[in-house]
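Written out below as structure tokens is the structure these notes cover.
Derivation of every value follows stated rules applied to the coordinates shown; laboratory data play no part. All of these numbers come straight from a predicted model, not from anything done at the bench. Note: ideal-geometry Cβ built from the backbone for every residue, glycine included; neighbour counts use all protein chains shown.
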Amino acid sequence: MSTLAPARGLPPRRAAGPLRRLLRGPWLLLIPAAVVVLALTGWPLIQLVIMSTQEFGRAQIFGAPPEFVGLGNYLDVLGDPAFWAVLGRSVLFAGANVLATMGLGIAIAVLLTRLARVMRTVVSIGLLLAWAMPPLSATVVWGWMFDTRAGVVNYLLSQLPGVDLIGHSWLFEPLSFFFVATVIITWQSVPFVAITVYAGLTQVPGEVLEAAQLDGTNGWQRFRLVTVPFVRPVLLVLLMLQIIWDIRVFTQIKALQTIGGVQEQTTTIGVYIYTVSTAGGNLGAGGAIAVILVLLMIVPAVLYIRSTLRQEES
Amino acid sequence: MSAAVSSRTGAGGVPAASPGAPSRRRPRRRGLGGRIVLNVLAVIVFVASVFPVYWMVNSALLSPGSVRDSTPHFWPDTFTLGNFIGVITEPSGSIEFLPALGMSLLVTLSTVVAALLFAFLAAVALARFRFVGKRGIVIAVLVVQMVPVEALVVSVYRVLDGWQLLNTALGLILVYTATVLPFTIWVLRGFVAGLPAELEEAAMVDGCSRFGAFWRVTFPLLGPGLAATGVFAFIQAWNEFLYALVIMTRPETRTLPVWLRAFVQATKETDWAAIMAGSTLMAIPVIVFFLIVQGRMASGVAAGAVKG
């Protein structure tokens, strides 16, 4: 359907001024959403960029006028080894999570296509349960499972011959802390990837696969040459989303730090912005780091948006 | 999903199918050994997915003394509801559950109503009108989704501070509404576009007004779409942690996630059973809603986000 006719009985459109056009048809319907999003996403975004170019510390929080310092905050941040440590940690951590999530998710999706119906439903329900858990609840539960003294993980592993992990702290060593964090995040993200990829796999036309089979291809060749190209757009979108989510992770790291772990050695960039801005009281530097985080996301975000629009239009 | 929303639950933007739906492909015949391997793998995936959820509920049902026994109790043999009752009725210090539950319900339900209403209007504009600048708006919806909460939170704090809305439900409702709107618009737009406009046109031929045709014909068919989108908004708002942590700083304005973190901080050395009870109470509504609508949600997301 094309344009909405104006309500019946109205005279045909006159040359309308901008205000009049705004108050008619689609624009009127868009106004409430636009006002809320502009006020609470657009305006803060502008404020963020301004703040990142200002000297904005405790004095300014209590009312002193902020002083414009140009790129000063950015230079301070980029010259701070602590920032680079946080950034490197975040990138490595996100990389490990994305690899684990995509790998396991795709493997489980393929597994789902191979299972008989009852078993597939059982596995799907399990995946949905993990997916549905609130991230904070999930983190707290895993924290309890990895508990030093009474955690079930230490107990079960200690049942293996030659292993005694009772009293072992999983959260004290940074690498081990991130291992636990990766387990939590992967556990929660895999269901989404697995179920989405599975949906994509079921759309692969059977005739094409049969034709390929008649041409003498083996199973792996058919998977690589027919199935993978068919689901590639879905995989790309998933990959971008996982990168975006995992690089800025906050809830799981923050909650895990509450349960145990050395904060300075386990902070990722999402938590770092929070710490610098609140506990550190340096909103200028926090703003600069936040802008850097936004810039980091541009490439995966643009790829995601392009891919979404393309599928939308096809 | 809205990348602006920090939780992954209900994530979308890509298709998902109802996992119980029959696959068009028949499982291929394979040897007994192959079938055993597949089913063993399936059991491993199932146990790994479910065990933490089971462990949360199991620990919550154990008596506080037995939860820390050196040999864990793998089923609630020292069954008690005392942990739940304790969490609800005996606040430790200022970490009270009921006010946090009330705040979470108020904020979440208000967000759902506001987001559904605003998103519905915008979705109709984007699905039923053709106008200059429409593509720009569609792209803007996607771009806004990509702005990370983690980057925005401090400046949102300052903006709310300027409007005297810190530590108020209204402030958090506005923030959550803005956060979930891009995704809810996107999904609802897919639902509206999926309903044939010819029905409305037929009603208009029969004498309905434009608005009447939409209201009497299309709107009733949108029920499933509105329900699925509403549940999405509910889960996002209910789970949200970072904004709530920064904006609701007073004990009496905490939402459930902030309450849970404070509770962990205060009792983690002593009372895991109570923490698991609190965690379960927070998770139950989300899990129930999620499981109820997941099929519709998934098809809605597929309709809204991919097939167009």
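Results, tabulated for the structure shown:
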| read-out | value |
| --- | --- |
| For A:GLN54, residues with placed amide H under 5 Å, excluding near neighbours | A:VAL69 |
| Karplus (6.51, -1.76, 1.60) ³J(HN,Hα), θ = phi - 60°, over the stretch B:194-209, in Hz, Gly and Pro reported as x | x, 8, x, 5, 4, 4, 5, 4, 4, 5, 6, 4, 7, x, 6, 6 |
| Overall form of the protein assembly as shown per C-alpha gyration tensor (a/c, 1.5; a/b vs b/c) | oblate |
| Sorted by Cβ density within 10 Å, fewest first, the residues A:ARG117, A:ARG248 | A:ARG117, A:ARG248 |
| Global geometry of the stretch B:83-307, whether rounded, prolate or oblate, following the gyration tensor of its Cα atoms and the 1.5 cut on a/c | prolate |
| Table column - 3J(HN,Hα) (Hz), the stretch A:170-180, Karplus curve with 6.51, -1.76, 1.60, x for Gly and Pro | 7, 9, 6, 6, x, 4, 5, 4, 5, 4, 4 |
| Residue-averaged 222 nm ellipticity for chain A, from DSSP H runs of 4+ at -39500 (n - 2.57), nearest 500 | -22500 deg cm²/dmol |
| Using θ = phi - 60° and Karplus 6.51 cos²θ - 1.76 cosθ + 1.60, couplings along the stretch B:256-266 (whole Hz; Gly, Pro as x) | 4, x, 5, 4, 4, 5, 4, 5, 4, 4, 7 |
| The stretch B:53-211 - Kirkwood radius from inverse mean 1/r over Cα pairs (Å) | 20.4 Å |
| Chain A, relative contact order in percent, only Cα pairs under 8 angstrom and at least six apart counted | 26 percent |
